[in-house]
Amino acid sequence: MFLAGKVEETPRPLKDVVLISYEIIHKKDPAAVARIKQKEVYEQQKELLLIGERLVLVTLGFDMNVHHPYKPLVEAIKKFKVAQNALAQVAWNFVNDGLRTSLCLQFKPHHIAAGAIFLAAKFLKVKLPADGEKVWWQEFDVTPRQLEEVSNQMLELYEQNRVGPPPS
């Protein structure tokens, strides 16, 4: 969260991230609030957070330029002539929820957009267009396998949290 705040230009003070994250991690422990205020515990948690930040940066090759799937999503939906508003809203919600995962680091933005549209269409029972021999998902330069992987990962989020797909 500390690094994400920096990347998205909404930084939070390190102290706040350490305190709040510790309290969330230990929410079932009433003594946690008092414990994190001890200098030794706070310093240890701060160091762990900074090590984690460096690990993420090294893993990503310090490339923090994350492209979101919103633009390809909107461009594609404009081309489709079916239930545009409802499809757009549900697909947008799938993308928003997908930001709680590592999808943006694993897949190209247009692949995520395709997965969101696919799931939204299934959820709304909307038939997506096919133009002659060209199927809708080819618009995204995505293979059926990639589409399946993205969609499955998006659905896993709901299965983990035992909630339904986003409302329309």
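The values are calculated or read from the model by the stated rules, or taken from the named source; none is laboratory data. Since the structure is predicted, the reported quantities are computational estimates derived from the model, not experimental observations. Glycine gets a Cβ as well: all are built from the backbone with ideal geometry, and neighbour counts include every protein chain shown. Side chains included, ligands, DNA and RNA excluded: accessible areas come from the protein's heavy atoms. Shrake-Rupley method; radii C 1.70, N 1.55, O 1.52, S 1.80 Å.
Residue selection: residue 66 satisfies the criterion of being of a type in the set (Val, Ile, Thr) and part of a loop (DSSP other than H, G, I, E, B).
Each row is one residue, and each column tells you yes or no for (1) modelled with pLDDT under 90; (2) on the phi > 0 side of the Ramachandran plot; (3) not assigned by the TED database to the domain that holds residue 8.
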residue	(1), (2), (3)
74	yes, no, yes
79	yes, no, yes
89	no, no, yes
104	yes, no, yes
141	yes, yes, yes
146	no, no, yes
151	no, no, yes
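A Cβ distance below 9 Å, combined with a sequence gap of six or more or placement on separate chains, defines the contacts here; from the stretch 127-155, residues that are farther than 17 Å from residue 97 by Cα and open to solvent by 80 Å² or more (accessible area, probe 1.4 Å) reach no residue that is at pLDDT 85 or above and hydroxyl-bearing (Ser, Thr, Tyr). From the list 99, 103, the lone residue that is within 29 Å of residue 53 (Cβ to Cβ) and out of contact with any helix residue (DSSP H, G or I) (no Cβ under 9 Å at 6 or more places or on another chain) is 99.
In the stretch 66-120, the residue that is surrounded by the most Cβ atoms within 10 Å (Cβ to Cβ) out of those that are of a type in the set (A, V, I, L, M, F, W, C) and under 10 Å from the mean Cα position of the chain (by Cα) is 112. For the stretch 8-59, a tally of residues being small (Gly, Ala, Ser) and in contact with an Asp or Glu (Cβ under 7 Å, 6 or more places away or on another chain) returns 1. Those helices (runs of 4 or more DSSP H) of the stretch 1-61 that lie entirely within it include none in which at least 1 residues are β-branched (Val, Ile, Thr), in contact with a Ser or Thr (Cβ under 6 Å, 6 or more places away or on another chain) and open to solvent by 70 Å² or more (accessible area, probe 1.4 Å).
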